[in-house]
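Scroll down for the structure; my scribbles are underneath it.
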């Protein structure tokens with residue numbers, strides 16, 4: 001694998017945790033291997049690996065963008081990752097409030113429901 005892939009895998013593990021990455025890697029097939037390589041090198045090895053903004057800020061941006069674009073499936077994963085990135089529940093709520101104003105209340109409402117459920121599963125008191 002490339003240096004970018006190795007760097008991306010290290011960042012991915014740091015943000016998402018070994019258990020999540022191990023499960024994703026264990027589920028990888030020849031069919032989706034090119035996609036997994038692409039996201040590891042681009043999303044994790046380029047974007048998340050860049051030090052221009054903190055992982056906390058990237059976490060908040062990612063959650064807001066996922067909600068604003070109705071990509072709700074990945075919100076629980078990134079809520080769990082907030083434990084590793086340092087984004088707090090209060091900061092995440094602020095991100096979702098921005099979504100409500102700039103992208104729509106229903107999107108923010110659904111994201112908040114997912115966040116509450118995930119935080120409860122994590123044992124985080126809200």
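Derivation of every value follows stated rules applied to the coordinates shown; laboratory data play no part. Everything numeric in this text was worked out from a predicted model, so none of it was measured.
Could you work out how far helix 75-85 tilts from the main Cα principal axis of the chain, as a 0 to 90 degree angle to the nearest 10? The answer is roughly 80 degrees. Sorted from longest to shortest, the spans of the Cα atoms of the stretch 53-126 along the three principal axes equal 28, 28, 20 Å. Helix 3-16 against the longest principal axis of the chain: what's the angle in degrees, Cα atoms only, rounded to the nearest 10? Around 40 degrees separate the two axes. At what distance in angstrom do the alpha carbon centres of the stretch 66-126 and the stretch 5-46 lie from each other? A separation of 22 Å, based on Cα centres.
Counting helices only, and only those DSSP H runs with n ≥ 4, report the 222 nm mean residue ellipticity of the chain as the sum of -39,500 (n - 2.57) divided by its residues, in deg cm²/dmol to the nearest 500. If you can, show how the numbers build up before the last one.
Values: 7 runs with 88 residues, N = 126.
About -22000 deg cm²/dmol.
Taking Cα atoms only, the orientation of helix 18-27 departs from the longest principal axis of the chain by about 60 degrees. Beyond 16 Å, the tail of the calculated P(r) for the stretch 1-52 holds 36 percent of the Cα pairs. For the chain, relative contact order (Cα pairs under 8 Å, six or more residues apart, normalised by length) works out to 25 percent.
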